[in-house]
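Okay, so here's the structure we're looking at.
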Amino acid sequence: MFTISMLNMKGGVGKTTTSINIATGIANKGYKTLLIDLDPQSNATSIFLDEDTESTTSTLIKGESTIHNSIVKVKENLWLIPSELNLASTETEIRMQTTAPQHNRLQKALAQIASEFDYCVIDCPPSLGLLTVNAIIASSLIIIPIKPDRFAVKAFQETITHMTNLRKNFELSVDFKIIFTIVNRNNSEKEYIEQFKQTVEGKIFNTQIRSQPRPIIDASSERRAVIEELDPKVGVAEDMRQLVNEILEVFKHA
């Protein structure tokens, strides 16, 4: 099983939207896919589930439920481990459990189902706390969604610094790639994108997710992923499909 974490400590970059659509797109290709909502805002969960469940990412990380009990099937080839608002307090609780490892709980849980799924997509919280550490340690690849504006560089640098320290401290080989999201393709954004290309050459997906909010909002209100929209006017859906193809190509060579 290949595990992909969507990570950026800056909010408003399309992280959850991209997670939902990547997971749905991979599932639509026929791969058994697990989406993990590790964000206390629970936006990914709200797309697929109408009501709360007893077993969530919170109870899983705290060791109060097993991973098999936490998984909910939401569509063909797609399963979900849902989140809930009290996930925000989970980090504090597991830090107090000093007799058990704190950093690799998710990795150990996923190891139990590695043969049952082809891909796992983790929607991380917009922070660099212990939940995110668990996601990074469990990952095969980190995807960093970036909205190309003047705030992007600092958030990216902090994200990369944190990842680099983790890779060193835990001897990880996990790598990262950037996906530009909410792209308007104006001159200032083109300049920001060129700056990134010079800094992290070879670490950027060719696909760019355009800014087309209306179809995304409509899809969300209808409890579905925009990637399934076939109207040719909905270019953002085609962008998502192209990104899925690029991601699958990455793992063909893994």
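Values for this structure:
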quantity	calculated
Spherically averaged projected area in nm², based on the convex hull that wraps the Cα atoms of segment 1-125	7.3
The chain - charge dipole about Cα centre, Lys and Arg +1 at Cβ, Asp and Glu -1, debye rounded to 20	660
Nonlocal amide H pairs with Ile36, under 5 Å, H built at 1.01 Å	Ile81, Val121, Ile122, Asp123
Other-chain or far-sequence residues with amide H under 5 Å of Ile204's (modelled H)	Ile178
Structure-derived percent of Cα pairs over 32 Å apart - corresponding label in (i) 20; (ii) 33; (iii) 16	(iii)
Cα-centre dipole for segment 5-95 with unit charges at Cβ (Lys and Arg positive, Asp and Glu negative), debye to 20	520
Alpha-carbon centroid distance for the pair segment 174-214 / segment 89-135, whole angstrom	28
Residue (of Leu248, Leu230, Gly202) at the positive-pole extreme of segment 164-254, dipole from beta-carbon charges	Gly202
Table column - 3J(HN,Hα) (Hz), segment 103-108, Karplus curve with 6.51, -1.76, 1.60, x for Gly and Pro	8, 10, 5, 5, 4, 5
Theoretical ellipticity at 222 nm over the chain - DSSP helices of four or more residues, -39500 (n - 2.57) apiece, nearest 500	-13000 deg cm²/dmol
Rounded percent of accessible protein surface that carbon and sulfur make up, segment 100-254, 1.4 Å probe	48
Length gained when the stretch Asn184-Arg214 is fully extended (0.36 nm per residue, less Cα-Cα span)	9.4 nm
Reduced Cα scattering model of segment 134-254, Debye log10 I(q)/I(0), q = 0.11, 0.17 Å⁻¹	-0.44, -0.99
Per residue, in Å², the accessible surface of the chain once ligands and nucleic acids are set aside, probe 1.4 Å	47
Alpha-carbon radius of gyration plus Dmax, which is the widest Cα pair, for segment 74-172 in Å	15.0, 43
The chain - percent relative contact order, Cα under 8 Å, separation 6 or more	26
Of all DSSP beta bridges in the chain, antiparallel share, percent nearest 5	10
Relative contact order for segment 1-114, counting Cα pairs under 8 Å that sit 6 or more residues apart, in percent	27
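The values are calculated or read from the model by the stated rules, or taken from the named source; none is laboratory data. The structure presented is a predicted model; accordingly, all values stated were derived computationally and were not measured. Note that we place each Cβ from the backbone using ideal geometry, even for glycine, and neighbour counts take in every protein chain shown. Accessible surface is based on the protein model in full, side chains and every heavy atom, while ligands, DNA and RNA are left aside. Shrake-Rupley method; radii C 1.70, N 1.55, O 1.52, S 1.80 Å.
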